[in-house]
Amino acid sequence: MARRRFPPVLFWIGGICIAVELALQLADFGLIGSRLWRGLAYQYGAFWPGLLHGWEPNFALQPVTMFVTYAFLHGGLGHLGGNMLTLLALGTAVSARAGQRGFLIIYALSALGGAALFGLLASGSQPMVGASGALFGLAGAWQYWDFADPGRRAGRVKRLVTAAGGLAVLNLVLWVAMSGLLAWQTHLGGFLAGWAAASMVTRPLR
């Protein structure tokens, strides 16, 4: 039986996310650095919608850099673990279809799209962190390929509606379980951006 190989790009992205969260965990327990590290990481790297509406940034480029840095920060080991498992599952499939370069384009645009819609729709002053916007973009890319596959035209609208409904239910369940602390706007923006990115970076199936 052939061993399943994960693309190197997944290890780079996942490795950065894991290294950051592990450093913050060690700091939380006072084993390295300072217990202030997590707060500072969020303060400087999380996505703060207020920075798009007149807040004073900590540094000049923060309203720009937060569109990227938020995706490498997480809210704890559980948040990180769920996202990393999803990254391995969806990332392997997407990179197999689009190649590593195509995967990176889809992942990056999905992270940006997720942040952009969160900035437009989010209310309140809570920051947003996590790779889930980019991960929903990978799901969006996969749904695009299924929808555009000429060999699977029959029932494609039904499959898309079913998949979208399933993702909506998942978001609702998570929103309730997390007492409303769920960035559904990021998930929606990432999904739409991933769908659009997949249509640009991959050739149609024939």
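No lab work stands behind these numbers, since they all come straight from the coordinates. All figures in this text were calculated on a predicted structure; none of them were measured in a lab. Every residue, glycine among them, receives a Cβ derived from its backbone with ideal geometry; neighbour counts consider all protein chains shown.
About its Cα centre, how strong a charge dipole does the chain have in debye, to the nearest 20, once Lys and Arg get +1 and Asp and Glu get -1 at the Cβ?
Details: 14 positive and 5 negative charges, 207 e Å.
The dipole of the chain has a size of about 1000 debye.
How big is D for the chain, in µm² s⁻¹ as a whole number, if Stokes-Einstein is applied with the Kirkwood radius of its Cα pairs at 25 °C and 0.890 mPa s?
Numbers: Rh = 17.8 Å.
Value of D from the Cα-based Kirkwood radius: 138 µm²/s.
How far is helix 156-177 tilted, in degrees, relative to the longest principal axis of the Cα atoms in the chain, given as a value from 0 to 90 rounded to the nearest 10?
Orientation of helix 156-177: about 20 degrees from the principal axis.
May I ask you to evaluate 6.51 cos²θ - 1.76 cosθ + 1.60, the Karplus curve with θ = phi - 60°, for each residue of region 66-78 and list the ³J(HN,Hα) values in order in whole Hz, giving x for glycine and proline?
5, 5, 10, 5, 4, 6, 9, 9, 9, x, x, 5, x
What angle, in degrees between 0 and 90 and rounded to the nearest 10, separates the Cα long axis of helix 184-201 from the longest principal axis of the Cα atoms of the chain?
For helix 184-201, the angle is close to 50 degrees.
As I understand it, the dipole of region 1-114 uses +1 on the Cβ of Lys and Arg and -1 on the Cβ of Asp and Glu, about the Cα centre. Which of LEU73, LEU104, TYR44 lies farthest toward its positive end?
Final value for the positive-end residue is LEU104.
Taking the Cα centre of the chain as the origin and placing charges on Cβ (Lys, Arg +1; Asp, Glu -1), which of GLY166, GLY82, SER125 is farthest toward the positive end of the dipole?
Sorting the options by dipole projection puts first GLY166.
Just to check I understand the Karplus step: with θ = phi - 60° and J = 6.51 cos²θ - 1.76 cosθ + 1.60, what whole-Hz values come out for region 91-104, glycine and proline as x?
Calculated HN-Hα couplings, in order: x, 5, 5, 5, 5, 5, 7, 9, x, 5, 5, x, 4, 4 Hz.
Packing-wise, with mean Cβ within 10 Å as the measure, how do 113-125, 131-143, 185-197, 32-44 rank, highest first? Don't jump to the answer; show the numbers that get you there.
Numbers: 113-125: 18.8, 131-143: 27.7, 185-197: 25.5, 32-44: 14.3.
Descending mean neighbour count gives 131-143, 185-197, 113-125, 32-44.
Net charge near ARG156, counting Lys/Arg +1 and Asp/Glu -1 over other residues with Cβ under 9 Å of its Cβ? It would help to have the intermediate numbers written out before the result.
Working: positive: ARG152, ARG153, LYS158, ARG159; negative: ASP146, ASP149.
In short, +2.
Could you work out how far helix 132-148 tilts from the main Cα principal axis of the chain, as a 0 to 90 degree angle to the nearest 10?
10 degrees
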